[in-house]
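The values are calculated or read from the model by the stated rules, or taken from the named source; none is laboratory data. Since this is a predicted model, take the numbers as computed values, not measurements. Glycine also receives a Cβ, built like all others from the backbone with ideal geometry; neighbour counts cover every protein chain displayed.
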C-alpha cells in the first residue's frame, strides 16, 4: 500500500490517499477535489485553477499524469 498527499498531486492540503495503484490514488484524488469544490474550499479551487492554467492540451495532461505516476512508483 502506497500513500500520496493532496499536495503531492498538486492540491492544497495534506489529506492522505492510500492505494495499491496510481489509478486508485488518482480516483481518490479526483473525488477529494470534487468534494472540496462542492464545499467551496478556496485553497483547493485555486489549486484547480492553477492546474487548469498549466494544462492547456491533452499532451500537458498526459505529461502531468506520467510525472505523478513516476512519483507514486518511487514511493
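Quick notes on this one:
- Any hit, the stretch 21-33, residues being farther than 17 Å from residue 4 by Cα, in a helix (DSSP H, G or I) and either at pLDDT 95 or above or out of contact with any strand residue (DSSP E or B) (no Cβ under 7 Å at 6 or more places or on another chain) (or both): no
- Complete set of residues in the stretch 24-40 that are within 18 Å of residue 64 (Cα to Cα), surrounded by fewer than 17 Cβ atoms within 10 Å (Cβ to Cβ) and touching a helix residue (DSSP H, G or I) at 6+ places or on another chain (Cβ under 9 Å): none
- Contacts under 8 angstrom Cβ, first residue in the stretch 47-59 being closer than 11 Å to residue 12 by Cβ, partner in a helix (DSSP H, G or I), 6 or more apart: 48/33; 48/37; 51/64
- Residues that are within 11 Å of the chain's Cα centre (by Cα), surrounded by 15 or more Cβ atoms within 10 Å (Cβ to Cβ) and over 19 Å from residue 63 (Cβ atoms) within the stretch 1-14 comprise 6, 12, listed in sequence order.
- Answer residue from the stretch 41-58, given it is surrounded by 12 or more Cβ atoms within 10 Å (Cβ to Cβ) and outside any helix (DSSP H, G or I) and is modelled with the highest pLDDT among those: 41
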